[in-house]
1. Quick one: which of Leu422, Leu374 is closer than 25 Å to Ile94 by Cβ and not in a loop (DSSP other than H, G, I, E, B)?
2. Can you tell me which residue within the stretch 59-108, out of those that are among the basic types (Lys, Arg) and surrounded by 19 or more Cβ atoms within 10 Å (Cβ to Cβ), is farthest from Arg137 (Cα to Cα)?
3. Would you check which residues across the stretch 385-408 are in a helix (DSSP H, G or I) and surrounded by fewer than 18 Cβ atoms within 10 Å (Cβ to Cβ) and list them?
4. Can you run down the residue pairs with Cβ atoms below 7 Å, 6 or more apart or on separate chains, where the first is in the stretch 413-426 and over 17 Å from Ala444 (Cα atoms) and the partner is modelled with pLDDT of 80 or more?
5. Restricting the stretch 109-137 to residues that are assigned to a strand (DSSP E or B) and either touching a Cys at 6+ places or on another chain (Cβ under 6 Å) or not hydrophobic (A, V, I, L, M, F, W, C) (or both), which is least open to solvent (accessible area, probe 1.4 Å)?
6. Scanning for something modelled with pLDDT of 85 or more, touching a Pro at 6+ places or on another chain (Cβ under 7 Å) and acidic (Asp, Glu), does the stretch 420-430 turn up at least one residue?
7. Which pairs turn up if I take residues in the stretch 103-116 that are without any contact (Cβ under 8 Å) to a residue 12 or more places away in the chain and farther than 17 Å from Ala212 by Cα and look for partners that are hydrophobic (A, V, I, L, M, F, W, C) and open to solvent by 40 Å² or more (accessible area, probe 1.4 Å) with beta carbon separation below 7 Å, at least 6 apart in sequence or on another chain?
Amino acid sequence: MTQSKPRARFRGGKLIGVRASGTSYEGASVSRRMGNKGLIGGGPNTSVSGSLGVLQQRSHHTVRNNPYAAGARDTYVTNLVGNGIKPRWGDPEIQQLWNSWACECDPDGDSFYGLQSLAVAAQFESGEAFVRFRPRRSTDGLSVPLQLQLFESEQLDYSFTQSTPGNNAILMGVEFNAIGQRVAYHLWRNHPSGLDPRFRNERSRVSADDIAHVYRRTRPGQIRGVPQLSTVITRLYEVDEMQDATLMRQKLAQLFGAFVKRKPGADSEEEQPFFGTHVFEGELGEGLNDIEPGGIHYLDDGEEVTFSAPADAGSNYTRWLKTELLAIARGSGITYEQLTGDLSGVNYSSIRAGLLEFRRRVEALQAHMVVQKLCRPVAARWLDMAVISGALSIPDYWSPGVRSKLLAISWISPRWQSIDPLKEVDADIKEVRAGFAPRSEKAAERGWDIENLDEETAASAASADRHGLLYDSDPRNPTSAVGEKTKYPSDADDDGAGDDE
């Protein structure tokens, strides 16, 4: 790092101090190397409000037309949500009622877990999604009179910023009170780019209590989310254009088979050089107009063909493309192998290390975004509506502690597929036996709640006993690889003669 020269400061002829000119950090310098890079400042919402509309449009366009972007979105959604992040209610009656309602919560026919996938896909593309709680009539035939309505980000106008008569402030469509709490969302009644001609589009003020805002906040005070592809949209377009240019170069190279020059002074068709089957249109030597793959083209006297010779990327093209795709994968929140499907350069250790890092990221997003901002608000509103409507009868529900205890539920994420199941299961068994991890934790990693797992295991064992079946997978089996040398329950009346022999 270049050191700046110190400057002495004097007052009244006396030395009062020495300070360095410039800055001690190269990243803060304004020299030719750094210039004016990154000097446009702004708070967490200033930059978002000026860019969100264009980012959303380009993100939608990229996902619609670029296979890498579409694949990144699908991978992102399937890993965050999979077949659903499901609650484990402590009460079997509540669990059964939830299971019924989860299949009828969407007016368009999706389940609650399908809405999770849709919300996360919208968050990937637009940066956020909004879920509105819609109470229904008791005559609508729902197990709990509540349904969910999902909105895209465009229905909350990012440019709508103003103050209100009650000393509230509306920032990017979100209304805040004097102490900074969200009190309302000003949503368009219809999508701004929608096709419904029945209503004139206008804003509707919806209480914040009726909205679940699903987005990823990356800066303190950030009000709205930005598309997941924001940092790589430019690269996606450049990769697309580079691939088109390379393809066009190869196509043009295949269009020309040969060019035939006329003999000087030859006027008749019989005196011209002739190859293959050729049909002259118009007079001989009319000019080169049509170009066909592998064609033989005839030139007039004195005519020549000159081709442009742009630099060919050659072997560097593949290296350049991989470098760009690595950056796109990183910015999309997935791994290079997931983005491209290219597994040629990986082994067990490298792909496992990459997936472990990816899974840590996914688990953080599941906990901080999907569960905290979507699942828990929905569960709380659903339980309130179930009690109010009489679908559930819970004594002292509104008293302190009862409601909060019922809502202290576990949300079970889909299990991760094992890279090497034998090694991972053996490691889990050793951890549990050594006391380094509870069995419930290992069950949760496989998408199971421990109570449900034990119930299913007990039911399976009871069924095997009724039918007189003995499986090697049963730990009670003395020949099992995981069982101890114990007597099987069906041998309880054995006289032990076999042991004496």
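1. Leu374
2. Among those that are among the basic types (Lys, Arg) and surrounded by 19 or more Cβ atoms within 10 Å (Cβ to Cβ), it is Arg73.
3. Val387, Ile388, Ser389, Val402, Arg403, Ser404, Lys405
4. Ile419/Ile351; Ile419/Arg352; Ile419/Leu355
5. This residue is Glu128.
6. Looking for residues that are modelled with pLDDT of 85 or more, touching a Pro at 6+ places or on another chain (Cβ under 7 Å) and acidic (Asp, Glu), one finds none in the stretch 420-430, hence no.
7. Asp110/Leu118
Okay, residues lined up against (1) in contact with a Ser or Thr (Cβ under 8 Å, 6 or more places away or on another chain); (2) at negative phi; (3) open to solvent by 40 Å² or more (accessible area, probe 1.4 Å); (4) in a loop (DSSP other than H, G, I, E, B):
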{"position": "Tyr158", "(1), (2), (3), (4)": "yes, yes, yes, yes"}
{"position": "Asn167", "(1), (2), (3), (4)": "no, no, yes, yes"}
{"position": "Ile170", "(1), (2), (3), (4)": "yes, yes, no, no"}
{"position": "Ala184", "(1), (2), (3), (4)": "yes, yes, no, no"}
{"position": "Asn201", "(1), (2), (3), (4)": "no, yes, yes, yes"}
{"position": "Val206", "(1), (2), (3), (4)": "no, yes, no, no"}
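The values are calculated or read from the model by the stated rules, or taken from the named source; none is laboratory data. These numbers were taken from a predicted model, which means no experiment stands behind them. Because the Cβ atoms are built from the backbone with ideal geometry, glycine has one as well, and the counts that use them run over all protein chains shown. The protein model used for the area step is the full one, side chains on, heavy atoms only, and it has no ligands, DNA or RNA in it. Shrake-Rupley method; radii C 1.70, N 1.55, O 1.52, S 1.80 Å.
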